[in-house]
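Working notes for the structure below.
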Amino acid sequence: MPQKNQAALEFLATRRSHPPKLLTSPVPSRDEVEELLTYAARSPDHGGLVPWRFLVIEKPAMARLADLAEARGRALGKDDETVAKGRGQFDRGNLAVVVVESPVEAAKVPPYEQSLSAGAVCLSLVNAALASGWGAGWVTGWISFDRGFVEEGLGLTPGETVAGIVHIGSFASTPAERQRPDVKGITTWLSA
């Protein structure tokens, strides 16, 4: 009979992401962030390709990225609300980790599997931060898909994309529980 890790199961059953706009200072130290990244890097990675990398955005870089998000939004003709939303995560941000999907040419590991690995890293990073007592939330937004923003602001190469931006910080209260999927309603069992 398998030995359950009840504490880990309880964590998974009750975990809640935090909206980045509600996260405040203090934030983890560089050493603490490196520890979180170490946990996140233990995600599934078929072939051991490491088709992702980390870009840590500290508070001093947030203002520059907020200004660039606004400039890109205006240049793209986005409405004021959309521009404000793109700018907002950096205006209010104190610390974020961009998980950059950086695909590797591999005959046995298709790009799709590498994308899934990058997504797994995002979730692992959120869970590592939450398990360490921090608040964390995984977002993207239009800025994550705008080549001008990601190349100029984040230094991504043409083949790289943003898998997620994980904001990490302190929080005043745990977010309210939200409706979860009806697992029985979305599960099919194949027995033969």
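The values are calculated or read from the model by the stated rules, or taken from the named source; none is laboratory data. Predicted model, so just to flag it, every value in this text is computed and none were measured. Virtual Cβ from ideal backbone geometry, glycine too; neighbours counted across all protein chains shown.
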Q. Taking region 98-114 on its own, how many of its residues are in a helix (DSSP H, G or I) and without any contact (Cβ under 8 Å) to a residue 60 or more places away in the chain?
A. 2
Q.
Go through region 98-117 and report how many residues are surrounded by fewer than 18 Cβ atoms within 10 Å (Cβ to Cβ) and among the polar types (S, T, N, Q).
A. 1
Q) So ASN5 fits all but one of (1) without any contact (Cβ under 8 Å) to a residue 12 or more places away in the chain; (2) touching a Lys or Arg at 6+ places or on another chain (Cβ under 9 Å); what number is the exception? A) (2)
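Return yes when ALA120 is over 18 Å from ALA69 (Cα atoms), surrounded by fewer than 19 Cβ atoms within 10 Å (Cβ to Cβ) and in contact (Cβ under 8 Å) with a residue 60 or more places away in the chain and no when it is not.
yes
Could you check region 101-111 and list, in sequence order, the residues that are within 18 Å of the chain's Cα centre (by Cα) and not acidic (Asp, Glu)? Step through it out loud before you land on a result.
Pass one, region 101-111, residues within 18 Å of the chain's Cα centre (by Cα): 101-103.
Once the filter is applied, which keeps residues that are within 18 Å of the chain's Cα centre (by Cα) and not acidic (Asp, Glu), region 101-111 yields SER102, PRO103.
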Q: Output the number of residues of region 123-149 satisfying the condition of being over 21 Å from ARG30 (Cβ atoms), surrounded by fewer than 22 Cβ atoms within 10 Å (Cβ to Cβ) and aliphatic (A, V, I, L, M).
A: 2
(Q) As an exercise: evaluate GLY86 against (1) within 18 Å of SER144 (Cβ to Cβ); (2) without any contact (Cβ under 8 Å) to a residue 40 or more places away in the chain and give the number of the one condition it does not meet. (A) (2)
(Q) For region 167-180, check the following and say yes or no: at least one residue is hydrophobic (A, V, I, L, M, F, W, C), surrounded by 10 or more Cβ atoms within 10 Å (Cβ to Cβ), under 30 Å from LEU55 (Cβ atoms) and touching a residue at least 12 places away in the same chain (Cβ under 8 Å). (A) yes
Q) Pick from GLY148, GLY159: which is in a loop (DSSP other than H, G, I, E, B), at pLDDT 95 or above and of a type outside the set (S, T, N, Q)? A) GLY159
